[in-house]
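Bear in mind these aren't lab numbers, they're just calculated from the coordinates by the rules spelled out. All of these numbers come straight from a predicted model, not from anything done at the bench. Here the Cβ positions follow ideal geometry from the backbone for every residue, glycine too, while neighbour counts run over all protein chains shown.
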Amino acid sequence: MQASELQSRFERIRANKLFEIFVISVIVVSALLVGAKTYDMPAGVASLTLVLDWFISAFFLTELTIRFLAERRKRDFFKSFWNWFDTLIVAVSLIPADDTELALIARLVRVFRVLRMISIIPELRLLLVSLVKALPQLGYVMLLMFIIFYIYAAIGSTLFEAINPVLWGDITISLLTLFRVMTFEDWTDVMYETMEVYPLSWLFYLSFIFFTAFAFLNMVIGIVVNVMEQESAKIRQEAAEENNEPTLKDVMQEVSALRAELNARSREH
């Protein structure tokens, strides 16, 4: 069999939807296997899980090899972060998980094999990449949120410490209490307790909830959604360029050229 024919066969296997579905199924089984090992199992079932574990590791190694061989330029395989990620997970998964000093590390890494679902499914990759790229913008929102938290914690510790030192004893405890209020975990009990001494303290809680739970969290969601839209548009443009389809930029350039041509003709007449 010629090398080009073998290369084409590996490419067809990699692009095959059934193969992709089977890989996802194995990842799901791997996740279930990790959960099953947290239970007490009979010796026979434990031996079966060990066999399945080695089968999954061998399958992941085979699947990664197929993807590597399907790459026309082998050096391009490691230009992708996700290929590096998969290679690292598969390589560490091959560490023997029993009766070795690295047993604990190997077991922990095999838990992270579930993350391979992200590298396999493009939609999950889009979500993760969008979240990572949104972090710089989210940092400023988080900083502003921390400032609001700190101000309210200082006020709460000053006013309410005598009422309940367990919740408002110092600024760090007050920060935890405010996080409880922001997540609506029995926050009314905290409010009613302070309202017995300060009847208008409800203004403190409602204004804090407005700033954090409503305003800032919606800003976080808006930033992430905006970055996701930008990444989706970028992926669509790259796919169009690969398929030699006209992109939005190309269409706009053609429209501008036609408009300029029409204006030129109108001037001539």
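To the nearest 0.05, how large is the calculated FRET efficiency for residue 162 and residue 186 if R₀ is 25 Å and r is the Cβ-Cβ distance? If you can, show how the numbers build up before the last one.
On the way: r = 21 Å, r/R0 = 0.84.
Calculated transfer efficiency: 0.75.
From the residues 130, 151, 167, which one has its Cα farthest along the dipole of region 104-209 in the positive direction, the dipole being from +1 and -1 charges on Cβ of Lys/Arg and Asp/Glu about the Cα centre?
Result: 130.
Starting from the Cα of residue 217, step 7 Å toward the Cβ, then list every residue of region 162-190 with an amide N under 18 Å from that point.
Residues passing the 18 Å test: 175-190.
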